[in-house]
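Inspection log for the structure reproduced underneath, given as structure tokens.
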Amino acid sequence: MFTGLVREIATVEDFSGQILKIRAKYRPSLGDSIAVNGACLTVTSLFDGGFSLLLSPETLSNIAHENLHGNVHIEPAMKASDRLDGHFVQGHIDGIGEVEGLEYEGSSLHMQIKIPSHLMALMIPKGSIAIDGISLTINDVHDESIRLTLIPHTLKETLFGSYKLKRRVNIESDMLVRALHHMLNHKNKKALTWEEVEHWMHLY
């Protein structure tokens, strides 16, 4: 489990086959979970100044793996004692979006992201989303896209300020919205009542 708050901007030393080598100040232990651009990966080896992670074929087929070069967002799995400042993020990428609009308004950046059609039902105005592992608030929901507004602090602490049009990004929808959508639409289950939905919302 993660919070969607970047721990560090790390550097990819090498990415070949299924092994990703990262140079970072953070020092994990073998077997630790680390989110890299939002994808939960497992530390398989350590070296001086960094660590290696294994990407399964399933992971490679579901993330924007072409961005695993240069700098990347990393976040270690949260501890039970950690403060939750973002939102609950699993590190399971739901789909790949594409940056289709970038417009500055003062010091803030409006970013329009095209969303895969199967995820649009999970996009809630003022709801949460993780883009490349970063917890963000959805400002507007359109037919095939969403608009995010990135404040100066977010632009300073993440890589978003360097993103260009057509860049593909990893998307993880809000875990609660995803769970409720599944339960409300599962054909083999009795439909939830609004009282049950309200109960789930209060647990979040």
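Out of the residues in region 83-98 meeting the condition of being within 14 Å of Asp132 (Cα to Cα) and hydrophobic (A, V, I, L, M, F, W, C), tell me which one is modelled with the lowest pLDDT.
So, considering only residues that are within 14 Å of Asp132 (Cα to Cα) and hydrophobic (A, V, I, L, M, F, W, C), the one modelled with the lowest pLDDT is Val89.
Might you let me know whether region 133-144 holds any residue that is touching an Asp or Glu at 6+ places or on another chain (Cβ under 9 Å), small (Gly, Ala, Ser) and farther than 21 Å from Met78 by Cβ?
So far as region 133-144 goes, no, none of its residues is touching an Asp or Glu at 6+ places or on another chain (Cβ under 9 Å), small (Gly, Ala, Ser) and farther than 21 Å from Met78 by Cβ.
Of all residues in region 36-76, which are among the small types (Gly, Ala, Ser), surrounded by 13 or more Cβ atoms within 10 Å (Cβ to Cβ) and either in a strand (DSSP E or B) or free of Cβ contacts under 8 Å to residues at least 12 places away in the same chain (or both)?
Correct list: Ala39, Gly50, Ser52.
Considering only region 147-186, state which residues are modelled with pLDDT of 95 or more, among the hydrophobic types (A, V, I, L, M, F, W, C) and under 17 Å from the mean Cα position of the chain (by Cα).
Leu148, Leu150, Leu155, Leu159, Phe160, Val169, Ile171
Table: residues versus (1) more than 20 Å from Ile134 (Cα to Cα); (2) of a type outside the set (D, E, K, R).
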residue: Gly4; (1), (2): no, yes
residue: Glu13; (1), (2): yes, no
residue: Ala24; (1), (2): no, yes
residue: Leu30; (1), (2): yes, yes
residue: Ile34; (1), (2): no, yes
residue: Asn37; (1), (2): no, yes
residue: Phe47; (1), (2): yes, yes
residue: Ser61; (1), (2): yes, yes
residue: Val72; (1), (2): no, yes
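Kindly establish whether Ala77 is small (Gly, Ala, Ser) and farther than 19 Å from Ser128 by Cα.
Against the criterion (small (Gly, Ala, Ser) and farther than 19 Å from Ser128 by Cα), Ala77 does not qualify.
The values are calculated or read from the model by the stated rules, or taken from the named source; none is laboratory data. These figures come from a predicted structure and were not determined experimentally. FYI the Cβ positions are ideal-geometry reconstructions off the backbone, even for glycines, and counts take in every protein chain you see.
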